[in-house]
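Below you'll find the structure, written out as structure tokens, and then a few comments.
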Amino acid sequence: MTTGDVIDRPGLVRRGLRLNYLTIAYNVCEGVASLIAGVIAGSIALVGFGVDSMVEVGASGAAQWRLRSDLDPIRRAHTERVASVIIGWCFLALAAYVTADSLKTLWFSERPERSIAGLVILTLSVIVMPILARAKRNVANELSSNALRSDARQTSLCAYLSVIALAGVLLNAVAGLWWADPVAALCMVPIIAKEGIEGLHAEELEDKCC
């Protein structure tokens, strides 16, 4: 079984790298489009989702680093820890940003415009992200990597956030409920922060285990 694992690891790494390239490419397009649509419409849910996409690009970059060091056991252990920390702090930074901007929007009653482009982007993400997350999670489990599992959770989180953001943007567009947009963004915060804290704790647990 050990021999099989050694033979299979390079194939798993290549699959993981391909999935990360696809994730990065999609998230760059998704993030730029969401940020533009969010700024134009004044939608914190869309802007927060766009920033999350950029955070996920950073998380996928950390996962790329982890994957490329997989065949060297010493480098693998080091990059596993560092990648977990990077991904965890990315989550927490995003949670802080979304909280501050959502509260500001509610306090000043900044009403977002309707955004058809935002609805299209979020709907696509609801479809694409779960597929990518499932494939990345399978690779992470095969390689027994907490850092890669965190990256897969980040992709899953993007799917959850797209559903929440879609609800807020849709309620604003259809029913004129302007407050639904920042409230939807605030609903994202506990999920985002939880993932960040778990990512940092996972790194600490690895240190204790070693």
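Below are the figures for this structure:
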| item | result |
| --- | --- |
| Segment Val82-Val163, extension gain: residue separation times 0.36 nm, minus the distance between their alpha carbons | 26.1 nm |
| In Hz, Karplus ³J(HN,Hα) per residue of the stretch 56-66 (6.51, -1.76, 1.60; θ = phi - 60°; x = Gly, Pro) | 5, 4, x, 5, 5, x, 5, 5, 4, 4, 4 |
| Under Karplus coefficients 6.51, -1.76 and 1.60, residue-wise ³J(HN,Hα) of the stretch 104-111 in Hz, glycine/proline x | 4, 4, 5, 4, 8, 6, 7, 7 |
| Sorted by Cβ neighbour density within 10 Å, fewest at the top, the residues Trp179, Trp107 | Trp107, Trp179 |
| Förster radius 45 Å - calculated FRET efficiency between Asn141 and Glu110 (Cβ-Cβ, nearest 0.05) | 0.55 |
| Long-range HN-HN contacts of Leu177 with modeled amide H, under 5 Å | Asn172 |
| FRET efficiency estimate (nearest 0.05) - Cβ-Cβ, Ala93 to Trp179, R0 30 angstrom | 0.75 |
| Ratio Rg/Rh [Cα only; Rh per Kirkwood] for the stretch 2-209 | 1.03 |
| In sequence order, calculated HN-Hα J values of the stretch 155-165 (Karplus, 6.51, -1.76, 1.60; Hz; x Gly/Pro) | 5, 4, 4, 4, 5, 4, 5, 5, 5, 5, 5 |
| Where only alpha carbons of the stretch 16-133 are counted, the Rg and the Dmax (Å) | 16.4, 54 |
| The chain - charge dipole about Cα centre, Lys and Arg +1 at Cβ, Asp and Glu -1, debye rounded to 20 | 360 |
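Read-outs throughout are calculated quantities, based only on the coordinates presented, and are distinct from any laboratory measurement. These numbers come from a predicted model, not from an experiment. Cβ atoms come from the backbone with ideal geometry, glycine included; neighbour counts cover every protein chain shown.
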